[in-house]
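Q: Here's a structure for you.
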Amino acid sequence: MQNILVTGGAGFIGCNFVRHILQHDSAANVIVYDKLTYAGRLENLAGVSERFGPRYNFVRGDICDTASVERTIAEFNIDTIVNFAAETHVDRSILDPDAFVQTDVLGTYVLLEAARNMGNLRFHQISTDEVYGHIEGRRRSVENDALLPRSPYSASKASADLFVNAYHTTYDLPVTISRGANNIGPFQYPEKVVPLFITNALSAMSLPVFGDGQQMRDYQYVADHCAAIHLILKQGSIGESYNIGTGSEMTNLEMVEILLEELDKPRSLILHVEDRQGHDRRYSLDVSKMLALGWEPDFTPEEAIRATARWYRDNRSWWQPIRDGEFKDYYQTVYGARKTYNETR
Ligand code: NAD
Ligand code: TYD
């Protein structure tokens, strides 16, 4: 692992991962390959080039573009691909699934083909706990559970996982997959619930809780997720998948209480609104395989929410321009005409 192609490296988790690798692996060079969609921002990588010099390079490109992918692999003598590039937001996938099929399915296929044709490159796929679908009762998902996705987003990510495994079985491509729980932390686009609610609260706007707010998620700190991916690259078993999360969930209303308390904002900001279509009520990961590899998270979900709230409070100059741009139209589309929860019952 010397020349690592980090696709989607200008997005939330990708930019945190780039910094993690360059900081913790002095032998590694990182080449970010990113289309710079609404979610990908060069500001997310500010200071990286100055700090790490020639060990870091940026290429603007689409993972669906075979020629551009192959040119980049050849130019930088890539030996490892870590694929973060994706359309990632469930509510956008409900509005328009097309880009999800293009990037998350076709784009992953293009990268796998390039990896196979250009020297059997090491390939790591960044996947999600959402591929397991809604998890009933007290059960936790283990890595060899069936994939039962229920949203266009999770269906496209599950399809990619199946292709990655097929390339290992069929062509002996050296692959691993990680399935992460909800990440939070610096540089997350404010469409996702935690940064949305924090930035709404800091803007004296209501917090639109979908439905009854009893849905459960495992909110892990992004730095913990990045450390786990790094460990899989170094020590993971080829052909295996790894769940990454804290292993404990909380309800959305519990998450809201914590962030309001950290920001010293009133509970009266909470507004229950019409539920998301096909809303998965609970994800829950068994992370013992990752723990056995020698990793453990530094942050509990509560600590992660508090640290994230402080980062957004202190970094308005990063998120305010986003909220004043494309995001405004998106917000109007998703929330503008949304009924209150009571009106839907
Ligand atoms: P993000 O939306 O913040 O960033 C996605 C990045 O991919 C952006 O930089 C975007 O420009 C880039 N991109 C999109 N389409 C592209 C294309 N066709 N070609 C090249 N680049 C393209 O996403 P994120 O939250 O950082 O998620 C990264 C990965 O982690 C995704 O694969 C996602 O499915 C997975 N994941 C996310 C979470 C989470 O909570 N955010 C949890 C588990 C897994
Ligand atoms: P989100 O951040 O979109 O991640 P996921 O992909 O896990 O759905 O949403 C996390 C949870 O928060 C999920 O149960 C949906 C809920 N949610 C709201 O209640 N209101 C919102 O405005 C958003 C975006 C999400």
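The values are calculated or read from the model by the stated rules, or taken from the named source; none is laboratory data. As the structure is a prediction and not an experimental result, all values here were calculated from the model. Heads up, the Cβs are rebuilt from the backbone with ideal geometry, glycines too, and the neighbour counts pull from every protein chain shown. These area figures cover heavy atoms from the full protein model, side chains too; ligands, DNA and RNA do not enter into them. Shrake-Rupley method; radii C 1.70, N 1.55, O 1.52, S 1.80 Å.
Q: Run through the DSSP bridge list for region 182-332 and note the antiparallel percent, rounded to the nearest 5.
A: Details: 2 of 9 bridges.
Bridges in region 182-332 are about 20 percent antiparallel.
Q: OK, next. In whole Hz and in residue order, list the ³J(HN,Hα) couplings for region 21-26 that follow from phi through the Karplus curve 6.51 cos²θ - 1.76 cosθ + 1.60, θ = phi - 60°; x for Gly and Pro.
A: With the stated coefficients, region 21-26 comes to 5, 5, 6, 9, 9, 5 Hz.
Q: What value, in deg cm²/dmol to 500, does the helix sum -39500 (n - 2.57) over DSSP H runs of n ≥ 4 give at 222 nm once divided by the residues of the chain?
A: On the way: 13 runs with 136 residues, N = 345.
Roughly -11500 deg cm²/dmol at 222 nm, from the helical runs in the chain.
Q: For Ser237 and Lys328 in one chain, what is 0.36 nm times their gap in residues minus the Cα-Cα distance, to one decimal in nm?
A: Details: separation 91, 0.36 × 91 = 32.76 nm, distance 4.39 nm.
Length gained between Ser237 and Lys328: 28.4 nm.
Q: Now a separate question. If packing is taken as the average count of other Cβ atoms within 10 Å, what order do 197-204, 78-85, 21-28 fall into, highest mean first? Show your work: numbers first, answer last.
A: On the way: 197-204: 19.2, 78-85: 24.2, 21-28: 14.5.
Sorting 197-204, 78-85, 21-28 by mean packing, highest first, produces 78-85, 197-204, 21-28.
Q: Apply the Karplus curve 6.51 cos²θ - 1.76 cosθ + 1.60, θ = phi - 60°, to the phi angles in region 85-97 and return the couplings in whole Hz, x for Gly and Pro.
A: 3J(HN,Hα) across region 85-97, in whole Hz: 4, 5, 7, 10, 10, 4, 5, 5, 5, 6, 5, 7, x.
Q: If you roll a 1.4 Å probe over the heavy atoms of the protein chains, what accessible area per residue do you get for the chain, in Å²? Walk me through the intermediate numbers first.
A: Numbers: 14100 Å² over 345 residues.
Heavy-atom accessible area per residue stands at 41 Å².
Q: Turning to a different aspect of this structure: Given the convex hull over the Cα atoms of the chain, what projected area results after averaging over all orientations, in nm²? Show your work: numbers first, answer last.
A: Numbers: hull surface 64.9 nm².
With the hull built on Cα positions only, its mean projection is 16.2 nm².
Q: With both partners inside the chain, how many of the DSSP beta bridges are antiparallel, as a percent to the nearest 5? Mind dumping the intermediate values first?
A: Numbers: 3 of 39 bridges.
Of the beta bridges lying entirely in the chain, close to 10 percent run antiparallel.
Q: While we're looking at this one, here's another question. What's the carbon and sulfur percent of region 213-345's accessible surface, probe 1.4 angstrom, rounded to a whole number?
A: Details: 2770 of 6250 Å².
In region 213-345, the share of accessible area belonging to carbon and sulfur is 44 percent.
Q: Measuring from label point to label point, each 7 Å out along Cα→Cβ, what is the Leu271 to Arg310 span in nm?
A: Distance between label points: 3.0 nm.
Q: Work out Dmax and Rg for region 291-345 from the C-alpha atoms and quote the Rg first, both in angstrom.
A: 17.9, 49
Q: Further, regarding this structure: Quick one: with all protein chains in place, what share of the accessible area of region 17-156 is carbon or sulfur, to the nearest percent (1.4 Å probe)? Mind showing how you got there, number by number?
A: Working: 2970 of 6040 Å².
Whole-percent figure for carbon plus sulfur exposure: 49.
Q: Which of the pairs Lys35/Lys192; Lys35/Lys234; Lys192/Lys265; Lys192/Lys289; Lys234/Lys289; Lys192/Lys339 have their Cα atoms more than 23 Å apart in this structure?
A: With Cα atoms farther than 23 Å apart: Lys35/Lys234; Lys192/Lys289.
Q: What nm value, rounded to one decimal, do you get for the distance between Asn342 and Asp65 when each label is placed 7 Å out toward the C-beta?
A: About 5.2 nm, to one decimal.
Q: Extension gain Val101-Ala166, at 0.36 nm per residue separation less the Cα-Cα distance, in nm? Provide the component values of the computation, followed by the final result.
A: Values: separation 65, 0.36 × 65 = 23.40 nm, distance 1.79 nm.
Roughly 21.6 nm would be gained on extension.
Q: Now for a separate question. Can you list residues whose amide H is under 5 Å from Ile177's amide H, if they're 5+ apart or on another chain and H is modeled 1.01 Å from N?
A: The answer is Gln125, Glu240, Ser241, Tyr242.
Q: Oh, and also: For the chain, calculate the relative contact order in percent as a whole number, restricting contacts to Cα pairs under 8 Å that are 6 or more residues apart.
A: Working: 656 pairs, mean separation 59.2, N = 345.
Result for the chain is 17 percent.
Q: Considering amide H positions built from the backbone, and no H for Pro or chain starts, which residues 5 or more places from Leu271, or on another chain, come under 5 Å of its amide H?
A: Those lying under 5 Å, H to H, from Leu271 are Leu207, Val209.
Q: Also, I was wondering about something else. Go through region 126-137 residue by residue and turn each phi into a ³J(HN,Hα) via Karplus (6.51, -1.76, 1.60, θ = phi - 60°); whole Hz please, and just put x for glycine and proline.
A: Computed from phi, the couplings for region 126-137 are 8, 10, 9, 5, 5, 5, 7, x, 5, 10, 6, x Hz.
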